[in-house]
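The values are calculated or read from the model by the stated rules, or taken from the named source; none is laboratory data. Source: prediction; values computed, not measured. No Cβ is skipped: glycine too gets one built from the backbone with ideal geometry, and neighbour counts run over all protein chains shown.
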Ligand code: DGL
């Protein structure tokens, strides 16, 4: 394993979605170094098998480790649902037991109790996230009394990746999935966007959500959780370098990544292309 001078916090997603999380990390931890890796060449992950998502995610994590990261956040619900546990339990001990990989599902599940008064929560996510049952299992651990209903939205990530954020096409599919979710449990008063791509559809989502239902993106929740993690793990906090740099890597065209990524990140981006 190469040892680099800097030890950025690695942030991984299948494509652009994790940039919504990175944006919040950088806002809250501006002095830290970050490397973002988007596997745009193989995106979307949402409908891929467990084995494929696991293999792709492990490649990305190893790459970020080789680039000096001691801590990697899977800023992707699908990768968190399908690959995180196996990487933590089977791979990390052999690669380097001192390094850490964290996901986005557990920190989100921990906050669910604070966002619903009715005790009925809806989860919107990819096919992979929903079928893994990860949200149901994690929420049950913290809040066994909360009723959780899930809805897979297989077309939302492709819509977002192609900048179809509003207009009749996006509205049709957003309305369809939200109507189905709320139709399955009329008592839902909080909907979690369990995919880091979905905040880009927020305006369209709100158009089809009744006023009594709160829609919750993950960016703040996951950033708060990272701050909390670093405060509780000073050894890791010390290992993460502080140069205030943000590096962007993509496995596909940098021109497209820079143009699209800027929408997600909310600021200009200049990426480098790598092969995994
Ligand atoms: N941003 C990923 C997530 O949070 C999208 C997965 C995909 O590539 O389909 O699930």
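Search region 40-54 for residues that are closer than 16 Å to residue 19 by Cβ and pair each with any residue that is away from the ligand (no atom under 11 Å from the Cβ) and assigned to a loop (DSSP other than H, G, I, E, B) when their beta-carbon atoms are under 6 Å apart and the residues are at least 6 apart or on different chains.
40/251; 40/252
Consider residue 91 against the criteria (1) more than 12 Å from the ligand (Cβ to nearest atom); (2) closer than 19 Å to residue 242 by Cβ; (3) surrounded by 15 or more Cβ atoms within 10 Å (Cβ to Cβ): it satisfies all of them except one. Which criterion is unmet?
For residue 91, the failing item is (2).
Go through region 116-135 and count every residue that is surrounded by fewer than 17 Cβ atoms within 10 Å (Cβ to Cβ) and assigned to a helix (DSSP H, G or I).
Matching residues across region 116-135 total 1.
Among the residues of region 1-23, write down those that are away from the ligand (no atom under 14 Å from the Cβ) and either modelled with pLDDT of 95 or more or not in a loop (DSSP other than H, G, I, E, B) (or both).
Those that are away from the ligand (no atom under 14 Å from the Cβ) and either modelled with pLDDT of 95 or more or not in a loop (DSSP other than H, G, I, E, B) (or both): 7, 8, 9, 10.
Identify all residues within region 226-246 that are in contact with a helix residue (DSSP H, G or I) (Cβ under 8 Å, 6 or more places away or on another chain) and either on the phi > 0 side of the Ramachandran plot or surrounded by 12 or more Cβ atoms within 10 Å (Cβ to Cβ) (or both); write none if there are none. Lay out the reasoning, then the answer.
Step one: list which residues in region 226-246 are in contact with a helix residue (DSSP H, G or I) (Cβ under 8 Å, 6 or more places away or on another chain), which gives 226-227, 229-231, 236-237, 240, 246.
Listed by number, the residues that qualify are 226, 227, 229, 230, 236, 237, 240, 246.
In region 247-269, how many are in contact with a helix residue (DSSP H, G or I) (Cβ under 6 Å, 6 or more places away or on another chain), more than 22 Å from residue 195 (Cβ to Cβ) and crowded, with 16+ Cβ neighbours inside 10 Å?
0
Restricting to region 100-130, name every residue that is away from the ligand (no atom under 12 Å from the Cβ) and out of contact with any strand residue (DSSP E or B) (no Cβ under 7 Å at 6 or more places or on another chain).
106, 107, 109, 110, 111, 113, 114, 117, 118
Condition test on residue 206, is it free of Cβ contacts under 8 Å to residues at least 12 places away in the same chain and either in contact with a strand residue (DSSP E or B) (Cβ under 9 Å, 6 or more places away or on another chain) or within 16 Å of the ligand (Cβ to nearest atom) (or both)?
On the way: free of Cβ contacts under 8 Å to residues at least 12 places away in the same chain: yes; either in contact with a strand residue (DSSP E or B) (Cβ under 9 Å, 6 or more places away or on another chain) or within 16 Å of the ligand (Cβ to nearest atom) (or both): yes.
Considered against the rule, which asks whether it is free of Cβ contacts under 8 Å to residues at least 12 places away in the same chain and either in contact with a strand residue (DSSP E or B) (Cβ under 9 Å, 6 or more places away or on another chain) or within 16 Å of the ligand (Cβ to nearest atom) (or both), residue 206 comes out as yes.
Looking at this structure, is residue 76 crowded, with 24+ Cβ neighbours inside 10 Å and either away from the ligand (no atom under 14 Å from the Cβ) or over 22 Å from residue 155 (Cα atoms) (or both)?
no
Given the criteria touching a residue at least 40 places away in the same chain (Cβ under 8 Å), surrounded by fewer than 19 Cβ atoms within 10 Å (Cβ to Cβ) and assigned to a helix (DSSP H, G or I), does residue 110 qualify?
Considered against the rule, which asks whether it is touching a residue at least 40 places away in the same chain (Cβ under 8 Å), surrounded by fewer than 19 Cβ atoms within 10 Å (Cβ to Cβ) and assigned to a helix (DSSP H, G or I), residue 110 comes out as yes.
Inside region 30-62, can you point out the residues that are surrounded by fewer than 19 Cβ atoms within 10 Å (Cβ to Cβ), more than 10 Å from the ligand (Cβ to nearest atom) and not in a helix (DSSP H, G or I)?
30, 31, 49
Return the residue satisfying two criteria in turn: it lies in region 140-167 and is in a helix (DSSP H, G or I) and in contact with a helix residue (DSSP H, G or I) (Cβ under 7 Å, 6 or more places away or on another chain), and of such residues it is surrounded by the most Cβ atoms within 10 Å (Cβ to Cβ).
For region 140-167, the residue satisfying everything is 156.
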